[in-house]
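The values are calculated or read from the model by the stated rules, or taken from the named source; none is laboratory data. As the structure is a computational prediction, the values presented were derived from the model and not from experiment. Note: ideal-geometry Cβ built from the backbone for every residue, glycine included; neighbour counts use all protein chains shown. SASA here: full protein model, heavy atoms, side chains in, ligands and nucleic acids out. Shrake-Rupley method; radii C 1.70, N 1.55, O 1.52, S 1.80 Å.
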Amino acid sequence: MNLTEDKYSKFALVKEMLETPEVIRKFDHKASMRFANTAKVKRGIFFTGEGSSRIFPAKRAIASALRKGGQQPIFCEGSTQALEYDLREFAVFGASNSGQTKEVVRLFMKLKDSGHDAFFGLTANMNTKLEELAKDTHILNCGKENAVAATMSVIEQGLFYDSLLRNLAGEEMKGLNKLADLFENALTMNINEKLVQTMKNADLIYFAGRNDGVVEELTLKTNEITRKKSDFLEGTYAVHGIEEVMDKNELVIIMEPFESEEEKFLECLADGVKMNVIAISSRETQFPTIRIPDGGEYKEYVELAAGWNVLVEIGIALGIDLDKPTRARKVGNEYITE
C-alpha cells in the first residue's frame, strides 16, 4: 500500500491508514494521567463501546495487563449487556468516535442517574452527548475520519488505554517513534501477489489467533473493506470442531501462530479440509507466511497494520470501492435526541 499509485491514493481509507504512524508519533502518554488518578482507587476498570471502538483498544489492553500481572482486574463488554452489570466499584471508560453511539449513551445515562462517580468518555468529536454525560472526556487528536472503516482512531484509542494502564502502574510509555516506524513498515510492505489472489478467491476468510483484539478487529475489517464473509476463531478454536463444516474454498489466516499448534492446524485444516492456511508472523512458519516486523511489547499494533495492508490488497484486487460500502455506516447505531 502506498500513496504514489492511483489505485491506492484515491481512497480516503488508505490515506487515513497511512496517516496513522504520525498519530502514533504524536501521542502524548500523559493525556491519560488525570483519568488514572481517579481510576486507581476503584476496584477495577471496565472498558465498553461498540465495534472497533471496543474490540482492539480494550482487548489489547486486557491482554497486555494480564501478561504483566496488573493489580486491578480489567473487563470489557458491549454497552447494552453492561446495563445488566453492577459497575459501582469500577472506573468505566466508554469509547465512541462520534460521541453519539446509542448503546454507550444509554449506559452513561444510567450511570449518571445512579450517581456513579467515575465514568469517562473517549471520543474524536467535541460537544457530543457522550461528553455531556461523562464525568470527564478525552478527545482524540487524530481528527475526523472520512472512511467508514475506523483506523486512526482505533490505534489512538488503543494507545490511550495502553497509557492509562501504564500510568496506573507508574510506568513510562517509551518507544513510540520506533513503533511508528514498524507500523509504517507493516502497512507499506509488499504482499506476495500469489497470496493476494489466493485470499481474493476465498469464499470466506477466517482469522485465527489470540484474543487480544487483533484478529477479531481484522474479522470486522474484512467485512467492511473486502465485503467478504469472515469469522473470528479465538486461540485454537479452529481445530476444536468447526473444521467439520469448513470448506476447501475457504481460507484461514493465522496471526502469529502458536508454534506448538502448527502441526495440528496443518493436520486438521490444510490436510483434513484441504483449505488454504496462511500465516502473518514475525517468524517463518510451516504455512505460507507474510513476514512482518517484530513489534515487541507493541506487537499487536504492528500485526493490525499488516492485516490492514492485506485487506486493502484484497479489496483492490476485487475492484471494490473501499470508501463506499453498501450498508455499513460510520455510526452504526446513533443516539437521536428526542
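Details
- Put a plus charge on the Cβ of each Lys and Arg, a minus charge on the Cβ of each Asp and Glu, and nothing anywhere else: the dipole of the chain about its Cα centre is then about 880 debye.
- Probe 1.4 Å, protein heavy atoms only - accessible area per residue of the chain in square angstrom: 44 Å²
- Folded to 0 to 90 degrees: helix 176-188 orientation relative to the chain principal axis, Cα: 40 degrees
- When peptides 165-175, 150-160, 134-144 are ranked by their average number of other Cβ atoms within 10 Å per residue, the highest-first order is 150-160, 134-144, 165-175.
- Between amide H atoms placed 1.01 Å from N, distances below 5 Å from residue 254 occur with 208, 278, 279, 280, all of them 5 or more places distant or on a separate chain.
- For the range 65-162, the mean projected area of the C-alpha convex hull, equal to one quarter of the hull surface, is 6.8 nm².
- By average C-beta atoms within 10 angstrom, highest first, the peptides 45-55, 262-272: 45-55, 262-272
- Given a 1.4 Å probe and the protein chains as shown, residue 229 ends up with an accessible area of around 150 Å².
- Across the cross-link table entries 26/110; 68/112; 68/264; 15/221; 129/174, which are compared at the Cα atoms, the separations over 25 Å belong to 26/110; 68/112; 68/264; 129/174.
- Taking the longest Cα principal axis of the chain as reference, the axis of helix 12-26 is set at about 60 degrees.
- Highest to lowest packing among 207-218, 10-21, scored as the average C-beta count within 10 Å: 207-218, 10-21
- Largest-first principal axis extents of the Cα set of the range 167-208 (Å): 48, 22, 8
- Between residue 197 and residue 117, the FRET efficiency estimated from the beta carbon spacing at R0 = 56 angstrom works out to 0.50.
- In this rough spin-label picture, where each label sits 7 Å from Cα along the Cβ direction, the residue 3-residue 110 distance is 4.3 nm.
- Relative contact order [Cα under 8 Å, 6+ residues apart], the chain, whole percent: 20 percent
- Entry for mean projected area of the Cα convex hull in nm² (calculated from the structure that is shown) out of (i) 19.7; (ii) 23.2; (iii) 16.9: (iii)
- For the chain, the longest principal axis of the Cα atoms and the long axis of helix 299-317 meet at an angle of about 60 degrees.
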